[in-house]
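Chemist: First the structure, then my questions, so here it is.
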Amino acid sequence: MRPLPAPAPAPPPNAHERAPACAGLAPAGAAGRRLNRARLNRALVDAPTASHVFCLWEAHAASFNHINLSTALLALARCARAAPDERARAGGRAGGGGGKGALVADGRFVALVREVGRQLDARPASFDGRSLAALAHAGAKVGAAAPPCRELLARVARAAEPRVAELELRHLAQLAHAYALAGVPAPRLFAAIARAGGAALCAAEPPAARREEMGGTSGRLDGGSTGGGGGGGARDAQALANLGWAFARAAVPAPALFAALDAAAARRVREFGGAELGMLLWAHAMAGAQPVALLRALEAALDGDGAHVGEGAPLHAEQLAMMAWAAVSLGHTPRALLLAAARAAASAPAVLDDGRLTSLAWALAKAPDAHESGELAEAFDALAAAALPRVPALRPAELASLCAALGAAARGARRAGPRAAGTSAAAGAAVARRRGLHAALLGATERAALRAAVRLRPPELAAVTASIAACGSRDGALFTALSDAAAARVDELAPRHVVAICRALARAHAAGVRGPGGGCCGAALFGATADWGAARLRSFGGAELAELCWARALVAERPARAAAVARHGARDALAPRSAVDGRALSRELRAACGEQLGAVDGARLAALAVACARSAGGEAEDAPLFAAVAHAATARASDLRDADLGALAWAVGRARLGSDALWTALAAEAEARAPALPLSIAAVLACALASAHAARAAAPRAERGGGAHGGRAEAQPPPAALLHALHALCARGAHAAGADAGSLDAAGLDVAGFAWALATVRSPASPPLLARLAPAAARHVHELAAQPRAREPAPGDCGARGARVVSALAWAYARGEAGARPADALAGDGEAADARAPPDARAEPPPQPQQAQRAGTRAVLVAAAAWGEAHADELGARQLALLAEAFPRARARAPCLFAALAPRAAALAPTMAPRELAACAWAFAAARGAEPAVGCDDGLFGALEAAAGARAADFTPAQLARFAWAVAVRARGGAPAPWGDAQRALWSRVAAVAHDDWSERERRALGQAAHSARAGASSNAHVAAALERLVRDVPPAAAARACAPSRYTQLVLSRELRARGWAHEDEVAVAGGLLLVDMADERARVALEFDGPSHFLADVRTGELSEDGRSAWKGGALAALGWRVVRVSFGEWREAECTPERRDAFLGALVARLTAPPGPVLRPAI
């Protein structure tokens, strides 16, 4: 959207009716004297058509000097431009002289141009600077495409270059303007003009205008570039604008000249008209120069309503729109100028043409407060309403500008957040109307962009794609059409356009937008760029390569996930498909990124780290590049912006390739910035630091002896700075949750992030901080439960945002609650708890009572259960596993929730990863307990076992042990059903793992599962040897550790029973150490199990206790071994201890049951 230069003055009215200008002039030889050149010059100026000029040339050619030749060419240019209007006024009669094409083809014109060239070569000194400028202007106006004109312009450039220092500012502007308008390259001439113009502008005042050589003709000789008649101030203002426009149009860098133009224009801002101001600001915008002084002076010079600059002429809406667009393009948002443009546009939007309407809409959308109530918002809405009926007729450039305006408005609305909605009902209604208007405009724009996709030029294609994606469009057909259009012209696209389109398509893919066939909407473009070689990639800068990597990694499908989705059978058509088939970063792309890593700024360095972390190419391929990125980030961590710091930490945590030096640098920056960090970034940093801490606190796997997964190695101590920074970040979040809940993310992502981080590290500081976050967490989950149901995610999808928030919060509070109690061997998940104290006691928040933590956990779980019962279909596989695991981990039960989760888990089982299968099976088995029919039917476990059997080779030893134990618990210690192919594959995988690859905890759990399998049907005989080995090889250390000092209450009960005659032993190992019985009479095979609180699950709503799956399985397993089991709950014993009489009666009845003849297993009610 460039402004046109000032037009030449219009010809005199009724010029076609006047007599030829040569009618009153005698031939050159008349009376033996030469014609007066001044009179000839005036006749040329007054000539109404090209025929009149040629008549004068033919009659008096010998009398033409350099001034007459310049005037003749200017007159011909003026007549050629006015020829169509002349013919229209003449009713189509001949004699108008023709247009530029006819003029260039005329032999007389060629002869005239050649005569000018001859005199330039013969007598260059006779042409002063003003004449040279006029000649160049005339040649550009007639048409630089014609060979005679191009030859003339080349000669003028050679003649003018050494003499530019003699020219006045307006002639310098005219000379530069001519070559920019003609498109004729003249780099040496432009460099000389820049030097001369800068020197002239740096003077205190511009040079004074000289007296005109030919009276009354100077304005017309300048061809309109000086603005015609009027004062010197107006001419100087026009010259400044023309000079800037010329250098911007010719794309000649001249920073010193633009700085001088800015200073000179700021001094004379009151002499400028609206057109000159718009042109000069546009020139700065196109040249990338900052007119800081001019904008400051303009803001001060605008009157109260913004309609005038000082005492000058009124500013029109078109001029204000141009100035606003230019200022905003340069990153400025001058409020007075924007308000003036908004008022002018809102009063009469119809006066703006399509280009200026869309450009002003974009400028207003970029204003910081244009998305709240006020004049700017009302003006933007008025422009949107005016643009709506014009959308179908917009040209591609105007359509791109309107899309950019909508994209800027969408981004601004997201930044404004709740402030834009206001507090009153009227404000809410206004916001609703505004959103409806914007949605209607977006829909019309999407339809127009779909029709115009193949006609968009590369910059327009990039702008439309990026803006539509920023608006949150869900139109997969539109994104597919834009991708196809870009792929068809991929070799014509500049690197920045490729990157912009790929980035937008990747964001749309991440948001769940799919093409008409269910595939990636950007598959065409990503496929076209997949095989680019090193030669093509060298044209990309380091920043562009980093963003291209990020976009490709975002749409890449992880191979394991893609395989799981492919096995989903009939639902495969609904699953997201990969655009790059798992090859996110090619070898050439990684090599090009490594070469240009030093030229990458902080934002792109973080984007490249994210790309490496998300890449599906494999750790072996991406590790070298990621190591180089991490090394560069370690040295530049302090230079990163907050958002880049969060993205980099997330990437390093996900890839688990960061060194201690990098994590120490990131943690130091996070701790230093914690008080001022945005809460969303603080939550991301907290999660990343927690992941790094957990990865270093847990014992890593090491390759040993050909095992499939390696043995155990010593844990690496995490850097002390990690907990310092983590506590500082989470304390910030807890303070915001209590003091300023409105500053947290409305969807609960911030609270979920802080809670997840605290639960992951499980330091002594975690419980009080979790208790402070609990009210905000419960409130968010309740609000999510009240919202309408979202779409059902496709198989393999990550689930809706609400599902991610609820599952993360439930898991975090359950893990934090479990961390406060001793872990038991079967209810755990194989992860070591970190009980280290924080390194800096001063960073800990003040301790809170344990009751506050339990109350907070219960509140979150109650809300999560309510959400899950109503929104189970929105859960993805990982979210379902986390939500189901949370309740038994926290010793809680929710029968209605598990009944709602069971069919969803069965449907998602084919797409679950091994970790999700193991967690889901464990959760349903542990929650079964006294209610075996709730959520634990054959259909659910049949689906889980089938999926696990198909992926048995992908299970780690810990996941195998957990899943096998869950299957054993499902059988409640009795004989399981005959195994099929899936179960045989799973146990064959167990038998294939080397003995040393199992931890003691895993071997004990597997031994218990193998014990149940060994007691099953004869169809299990094919794994009998492996099961016998597992049962036999349970390590004695496990049994010895399990025989730790019993609970005090249990010891008291044991002593009382001995005193009343029941002989028994405490902590008796049964079945080779697989099972431990609290008290047992081995001779009579009678076992007494004292069930403390850890043997029960409490209903999240009523608090009613019921037996958990572990205890039910243990009782069944003992019964299958021939033991008679008597159970005593902690509730029974607590009630019996109320009085001595009740105590004696309870103990007497208990001894009688223990010594009674063999009978059914007794399970006293609580």
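The values are calculated or read from the model by the stated rules, or taken from the named source; none is laboratory data. If you're wondering where the values come from, they're calculated on a predicted model, not measured in any experiment. So basically every Cβ, Gly included, is an ideal-geometry build from the backbone, and we count neighbours across all protein chains shown. To get the accessible areas, we keep the full protein, side chains included, count just its heavy atoms, and leave off ligands, DNA and RNA. Shrake-Rupley method; radii C 1.70, N 1.55, O 1.52, S 1.80 Å.
Chemist: Mind telling me which of the residues Gly617, Gly710 ends up being open to solvent by 10 Å² or more (accessible area, probe 1.4 Å) and either modelled with pLDDT under 65 or within 24 Å of Gly542 (Cβ to Cβ) (or both)?
Modeler: Gly617
Chemist: Examine the stretch 927-940 for a residue that is at pLDDT below 85, outside any helix (DSSP H, G or I) and of a type in the set (Lys, Arg), and state whether such a residue exists.
Modeler: For the stretch 927-940, residues at pLDDT below 85, outside any helix (DSSP H, G or I) and of a type in the set (Lys, Arg): present.
Chemist: Filter the stretch 758-784 for residues that are open to solvent by 30 Å² or more (accessible area, probe 1.4 Å) and farther than 18 Å from Ala690 by Cβ and give the result.
Modeler: Pro775, Arg779, His782, Glu783
Chemist: Going by what's in this entry, would Ala377 be described as closer than 15 Å to Arg434 by Cβ, open to solvent by less than 20 Å² (accessible area, probe 1.4 Å) and of a type in the set (A, V, I, L, M)?
Modeler: Yes; evaluated as a whole, the condition is true for this residue.
Chemist: Please tell me if Leu388 is in a helix (DSSP H, G or I) and under 18 Å from His284 (Cα atoms).
Modeler: Criteria not met by Leu388.
Chemist: Taking Trp1123 and the conditions (1) buried (at least 18 other Cβ atoms within 10 Å of the Cβ); (2) within 26 Å of Phe887 (Cα to Cα), which numbered condition does it fall short on, given that it satisfies the others?
Modeler: It fails just one condition, (2).
Chemist: Since Gly443 meets every condition but one in (1) in contact (Cβ under 8 Å) with a residue 40 or more places away in the chain; (2) open to solvent by less than 30 Å² (accessible area, probe 1.4 Å); (3) under 20 Å from Ala365 (Cα atoms), which condition does it not meet?
Modeler: It fails just one condition, (1).
Chemist: If you don't mind, another one. If I go through the stretch 1049-1088 residue by residue, how many of them are open to solvent by 20 Å² or more (accessible area, probe 1.4 Å) and in contact with a Ser or Thr (Cβ under 9 Å, 6 or more places away or on another chain)?
Modeler: So the answer is 5.
Chemist: Can you work out which of the residues in the stretch 320-351 that are closer than 18 Å to Ala297 by Cα, in contact with an Asp or Glu (Cβ under 8 Å, 6 or more places away or on another chain) and of a type in the set (Gly, Ala, Ser) is most open to solvent (accessible area, probe 1.4 Å)?
Modeler: Ala336
Chemist: Tell me, yes or no, whether the stretch 352-368 has at least one residue that is open to solvent by 30 Å² or more (accessible area, probe 1.4 Å), over 26 Å from the mean Cα position of the chain (by Cα) and within 23 Å of Gly472 (Cα to Cα).
Modeler: The answer is no, given that none of the residues of the stretch 352-368 is open to solvent by 30 Å² or more (accessible area, probe 1.4 Å), over 26 Å from the mean Cα position of the chain (by Cα) and within 23 Å of Gly472 (Cα to Cα).
Chemist: Name every residue in the stretch 855-877 that is under 9 Å from Ala785 (Cβ atoms) and aliphatic (A, V, I, L, M), in order of residue number.
Modeler: Result: Ala863, Ala864, Ala866, Ala870.
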